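J.: Have a look at this one before I ask anything.
All of the numbers you see were taken from the coordinates with simple rules; none came from a lab. Nothing here was measured: the structure is a model prediction, and the numbers come from that model. Cβ placement follows ideal geometry from the backbone for every residue including glycine, while neighbour counts extend to all protein chains displayed.
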Amino acid sequence: MTLADLSPSQIDRVLARAYHLKQYTLPWMGPWQKRPLHAVGQTLRFKTIALLFSKRSTRTRISAETAALMLGGQALFLGKEDIQLGVNESVRDSGRVIGGLCQGIFARVGEHEEIEELAKYSPVPVLNALSSLWHPTQVLADLLTLHEQAHLFSGSEPPPPPNGQTELRSLPKLQPLTIAYVGDSANVLHDMLVTYPRLGHKLRVASPENAKYRAPKPVWDKVVKLQCDKDIVWTADPKEAVNGADLVVTDTWISMGQEAEKEQRLKDFQGYQITEQLCREGGAKENWKFMHCLPRKPDEVDDEVFYGPRSMVFEESDNRKWTIMALFDLLFGQWLIPKVKQ
């Protein structure tokens, strides 16, 4: 449901698997290459993964469909107009029916309670593709990107290009970072809050004082339970948040379903746009980098940063594929990551 459900060692295992899959597969992916069927373990052979999406998606859907195919399985896309879920059939019944016909469910829902109910009654593993509270697959992709680009933060030489045909390198080690998040407290930030501090990183968050822009109680309860709160600073001042930051992150200010709040939200987030000037005046580190889960609007970050050398947005977008592929392999293919009891 969230990365709070996994221990740091389990998170590292998913990242290492994603890194190995990417190294091994990329050399075979040129259009002129003939990739043998055994290039990647076919752990989803004869298996079907239900992609239960009640919200639009670009990166998550494409990543899931291609990941399942490369693992030898079939991704079955089920949009809100395709099945009876929420129309003539309850979530409970749908979870049991879909779980009886497929070997895994990857669900992108509205309210988080929907996916909790799916997981409760499904006889097969359920993976959260996005809910109102959590977005674990995005933060995994961000982490893989940070590990791959670890040399940018440490000042060391970049590693040589991977050669998956002859060797697999270990996941590069990532030094502790100071990560600034500037914007709305939405599902991406929530998974950051329960993940980064447990991996040794510090979080500095800027959001308006209004309670609706701060982490809700169910999220903060997990933050406190996992003892992540001691490494999180919360402020209403974006300049204070980016002070000393290695990485600056933002997300959309207006999520799907919040369109009616657009005018008020734009007013509330005035001064929160990520720019070179903001980070310079706030005292971000000289070599700070930028991330955004996409899709992006210019109000959130200007073109100079978004398309400039600091931006890692398209690398993290690419890594949605490999981290979802690793989760499919481990959760649906091998079923080797049991849920951690909190």
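J.: For labels at Lys267 and Glu81 in the simple 7 Å Cα→Cβ model, what's the distance in nm?
T.: Taking the simple label geometry, Lys267 and Glu81 are separated by 3.6 nm.
J.: Under the 0.36 nm per residue contour assumption, what length would be gained going from the current alpha-carbon distance of Gln227 and Glu259 to full extension?
T.: On the way: separation 32, 0.36 × 32 = 11.52 nm, distance 3.46 nm.
Extending this stretch completely gives an extra 8.1 nm.
J.: Please order Asp231, Asp221 by the number of other Cβ within 10 Å, starting at the fewest.
T.: Asp221, Asp231
J.: Quick check: net charge around Ala141, other residues with Cβ under 12 Å of its Cβ, Lys/Arg +1 and Asp/Glu -1? Provide the component values of the computation, followed by the final result.
T.: Working: positive: Lys22, Arg59, Arg320, Lys321; negative: Asp142, Glu148, Asp191, Glu315, Glu316, Asp318.
Residues near Ala141 contribute -2 overall.
J.: Could I ask something else about it? In whole Hz, what ³J(HN,Hα) sequence does the range 195-207 give by Karplus (6.51, -1.76, 1.60; θ = phi - 60°), x for Gly and Pro?
T.: The phi angles translate into 10, 4, x, 6, 9, x, 9, 10, 10, 10, 10, 10, 8 Hz.
J.: Could you work out how much longer the chain between Asp12 and Glu276 gets when fully extended? Use 0.36 nm per residue separation minus the Cα distance between them, nm to one decimal. Intermediate values should be presented prior to the final figure.
T.: Numbers: separation 264, 0.36 × 264 = 95.04 nm, distance 3.24 nm.
Difference between extended and current length: 91.8 nm.
J.: So how much slack lies between Glu116 and Glu304, counting 0.36 nm per residue of separation and subtracting their Cα-Cα distance, in nm? Could the numbers behind the result be given before it?
T.: Numbers: separation 188, 0.36 × 188 = 67.68 nm, distance 4.04 nm.
Roughly 63.6 nm would be gained on extension.
J.: Based only on other Cβ atoms within 10 Å, what is the fewest-to-most ordering of Glu304, Glu259?
T.: Details: Glu304 13, Glu259 9.
Ascending Cβ contact count within 10 Å gives the list Glu259, Glu304.
J.: So, one more: Each residue of the range 312-317 in order: what ³J(HN,Hα) in whole Hz does its phi give by Karplus 6.51 cos²θ - 1.76 cosθ + 1.60, θ = phi - 60°, with x for Gly and Pro?
T.: My calculation for the range 312-317 gives 10, 5, 7, 5, 5, 4 Hz in order.
J.: By count of other Cβ within 10 Å, fewest leading, how are Asp12, Asp184 ordered? Present the calculation step by step, with values, prior to reporting the outcome.
T.: On the way: Asp12 15, Asp184 25.
If I rank by nearby Cβ atoms, fewest first, I get Asp12, Asp184.
J.: Given a cut-off of 29 Å, name the pairs among Lys120/Lys321; Lys212/Lys297; Lys80/Lys289; Lys80/Lys202; Lys267/Lys289; Lys173/Lys222 whose C-alpha atoms lie farther apart than that in the structure shown. Kindly include the intermediate steps, with their values, before the conclusion.
T.: Details: Lys120/Lys321 27 Å; Lys212/Lys297 21 Å; Lys80/Lys289 37 Å; Lys80/Lys202 39 Å; Lys267/Lys289 26 Å; Lys173/Lys222 27 Å.
From Lys120/Lys321; Lys212/Lys297; Lys80/Lys289; Lys80/Lys202; Lys267/Lys289; Lys173/Lys222, over 29 Å: Lys80/Lys289; Lys80/Lys202.
J.: Rg and Dmax of the range 41-192 over Cα atoms: what are they, in angstrom?
T.: 18.4, 58
J.: Another question, then. Relative contact order (percent) for the chain, with alpha-carbon contacts under 8 angstrom and 6 or more residues of separation? Mind showing how you got there, number by number?
T.: Values: 623 pairs, mean separation 72.0, N = 342.
Once normalised by length, the contact order is 21 percent.
J.: Using R₀ = 22 Å, calculate the FRET efficiency as 1/(1 + (r/R₀)^6) where r is the Cβ-Cβ separation of Lys55 and Asn287; round to 0.05.
T.: Working: r = 36 Å, r/R0 = 1.62.
Once rounded, the FRET efficiency stands at 0.05.
J.: How large is the convex hull of the C-alpha atoms of the chain per residue, in Å³? Walk me through the numbers on the way to the answer.
T.: Numbers: hull volume 47.4 nm³, N = 342.
Hull volume normalised by residue count: 139 Å³.
J.: Next question, about the same structure. To the nearest whole percent, what portion of all C-alpha pairs in the range 193-339 is separated by more than 24 angstrom?
T.: Details: 4523 of 10731 pairs.
Pairs farther apart than 24 Å: 42 percent.
J.: How much FRET efficiency would the formula 1/(1 + (r/R0)^6) give for Asp237 and Arg45, where r is the Cβ-Cβ distance and R0 is 56 Å, rounded to 0.05? Mind showing how you got there, number by number?
T.: On the way: r = 53 Å, r/R0 = 0.95.
The calculated FRET efficiency here is 0.60.
J.: Please give the charge dipole size of the chain, origin at the Cα centre, charges +1 on K and R Cβ atoms and -1 on D and E Cβ atoms. Round to the nearest 20 debye.
T.: Working: 41 positive and 42 negative charges, 228 e Å.
In total the dipole reaches around 1100 debye.
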